[in-house]
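See below for the structure under consideration.
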Amino acid sequence: RLTRRGGASAPEAAAESPGRDLSTLPGLRDIEMVREAGAALGLESPYFRPHDGVAGAHSVIGGRDCVNFASYNYIGLNGDPRVAAAAKAAIDRHGVSASASRLASGERPVHGELEAALAANYEAEACLAFVSGHATNVTVIGHLLGARDLILHDQLIHNSVAEGARLSGARRIAFPHNDWRAAERELAAHRARHGRALIVIEGHYSMDGDVPDLGRFAEMARRHDALLMVDEAHGLGVLGATGRGSFEQCGVEPGAVDIWMGTLSKTLSGCGGYIAARRPLIELLRHSAPGFVYSVGLAPPLAAASLESLRVMQAEPERVARLQGNAALFLALAREAGFDTGASAGLGIVPVILGSSVAAARMAAALFEAGVNVQPILFPVVPERAARLRFFLSSEHTEEDILRTVAALVAARDGLRAG
Ligand code: PMP
């Protein structure tokens, strides 16, 4: 029997043509199970909640003002009038879209200006901006390394790095978190059998808020003729006295790192990613990285917004100091209240580790009720026993926001213990 449009009805399609049955796609059942588990616990999904207005230190969700710890507004530039004005001026001048790959006809002056400013932050010879942070890691790692090569990455590395490593076809080894000695042992054992070796770490880990010993990693990479790549997605604007990133925090020359990667979507309140490195590497990427060559150029208003954000960051380092002060205060109060904050350095990201996904989901729901928006991070994103609430601090949170939030955490914990 055919439907009115001439196709088979859904159940029949499944029976006749299992390869076209979309309800058996791997992973769908897991999503359903999580939804069912949430419903059984009486919890609303914490995902895809629409926010209204700017994602700032406060955000309007479902018509309610919430203290917001779930957006990357580290130095408070989301909605900054100077950043918005830069984006609007770029739209007036260039329109919204770059309308072509930059290699073809998408290049605009603001691309080069942004790249020069980012390169200067890292004292790098050159920089290249991409349309997405995630895509930057995937395409750059996937393109630079090949089957003969070796990639060593921290076991907590971001998904985008893991995806890029997989795409490259290189041999991949994950080493224990922040353990440069373990990484060195792997290099000593395997380096000789491979062409190039790449070590990838984050400058500031997004789930834990801790910082690697960058100097040790850099020395070790050099000793073993390996390239070192650092993902600074959560480093720029957060680490170091003026927000330049992990090298400033760790007192390391930026040239000790071969490949700096970052995103425009966090401190720089735009959207996109970038690589800052020595010129030959950038030259290669500009002409042949698939995610650059075969993708549209970064939208001019986003490039302009990020450039303006970087200028504000440089001109107003007190924003970085306020962020770090807020994170340190939140960390100290949460610890004092007996919460497990893991290895957080208290610079911008603080996890509150609750030991199970159910506990984390319940705490997030109770906090949301109390007007605090924080994302629960559940299994399988982290191991079950490490399920947590992850707090992104902002320079714009007030002391009152932080005191209120820790009080709400304590009340939620007491409520769940009693219930
Ligand atoms: N790297 C890390 C460490 C990240 O946390 C993220 C995003 N959360 C990315 C890369 C990807 O960046 P974007 O969201 O800008 O695509």
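The values are calculated or read from the model by the stated rules, or taken from the named source; none is laboratory data. Everything numeric here is computed off the predicted structure, so don't read it as measured data. As a convention, Cβ positions derive from the backbone with ideal geometry for all residues, glycine included, and neighbour counts pool all protein chains shown.
The residues listed here are GLY325, GLY291; of these, the one that is closer than 14 Å to ARG102 by Cβ and either surrounded by 21 or more Cβ atoms within 10 Å (Cβ to Cβ) or outside the structural domain of ALA100 (by TED's automatic domain parsing) (or both) is GLY291.
Of the helices (runs of 4 or more DSSP H) lying entirely inside the stretch 156-231, those containing at least 1 residues that are more than 24 Å from the chain's Cα centre (by Cα) and in the same structural domain as GLY245 (by TED's automatic domain parsing) are 180-190, 214-223. In the set GLU232, GLU253, GLU202, only one residue is modelled with pLDDT of 95 or more and either more than 16 Å from the ligand (Cβ to nearest atom) or at positive phi (or both); that residue is GLU253.
If the condition is being polar (S, T, N, Q) and either away from the ligand (no atom under 14 Å from the Cβ) or crowded, with 17+ Cβ neighbours inside 10 Å (or both), then the stretch 156-178 contributes SER160, SER168, ASN178. The helices (runs of 4 or more DSSP H) found entirely in the stretch 1-118 that carry 2 or more residues being modelled with pLDDT under 95 are 10-16, 28-40.
Taking the criterion of being in contact with a Phe, Trp or Tyr (Cβ under 9 Å, 6 or more places away or on another chain), farther than 17 Å from LEU323 by Cα and within 16 Å of the ligand (Cβ to nearest atom), the residues of the stretch 266-283 that qualify are GLY272, GLY273, TYR274, ILE275, ALA276.
Of the numbered criteria (1) surrounded by fewer than 19 Cβ atoms within 10 Å (Cβ to Cβ); (2) over 26 Å from ASP208 (Cα atoms); (3) within 15 Å of the ligand (Cβ to nearest atom), the one ARG148 fails is (3).
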